[in-house]
Amino acid sequence: MIGLPTLSKKHAAQRPTRDEFELEELGNRLFEAREEGAEIFLTVWGMDEQVRGRISNMDPRTRLVHIERDGDTLKVPYLDIMNVESPRD
């Protein structure tokens, strides 16, 4: 019987690495969006769609960014956030 091929941990998809400057710039954009209460789009590694909402909390202990939209809260790991954009509508 032939089984389906599986990816070993060695070949599993890994999050792209970013340097300190990129992470600091991302943190600044997130902080500004939180302070202004602005709605944002987040491109999150491993998710097919962008996340849209407002940042309600940035927890430095757990490194999670809390995004609220329509009363629901999604907690996204800071290192999984690849890009922050402002909606154009």
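No lab work stands behind these numbers, since they all come straight from the coordinates. As the structure is a computational prediction, the values presented were derived from the model and not from experiment.
What do you get for the angle between helix 20-36 and the principal long axis of the chain? Use alpha-carbon atoms, 0 to 90 degrees, nearest ten.
The answer is roughly 50 degrees.
What does the extension gain come out to for Asp70 and Asp19, with contour length at 0.36 nm per residue minus their alpha carbon separation?
Working: separation 51, 0.36 × 51 = 18.36 nm, distance 3.38 nm.
Full extension of this stretch gives 15.0 nm more.
What does the helix-only formula give at 222 nm for the chain: each DSSP H stretch with n ≥ 4 adding -39500 (n - 2.57), the total divided by the residues, and the result rounded to the nearest 500 deg cm²/dmol?
After summing the helix terms and dividing by residue count, I get -6500 deg cm²/dmol.
In whole Hz, what ³J(HN,Hα) sequence does region 43-54 give by Karplus (6.51, -1.76, 1.60; θ = phi - 60°), x for Gly and Pro?
Along region 43-54, the couplings run 8, 10, 4, x, 10, 6, 10, 6, 9, 10, x, 10 Hz.
Take the alpha carbon gyration tensor of region 19-89, find the square roots of its eigenvalues, order them as a ≥ b ≥ c, and report rounded if a/c is under 1.5; if not, report prolate when a/b exceeds b/c, else oblate. Intermediate values should be presented prior to the final figure.
On the way: a/c = 1.26, a/b = 1.23, b/c = 1.02.
Because its axes are fairly even, with a/c under 1.5, region 19-89 counts as rounded.
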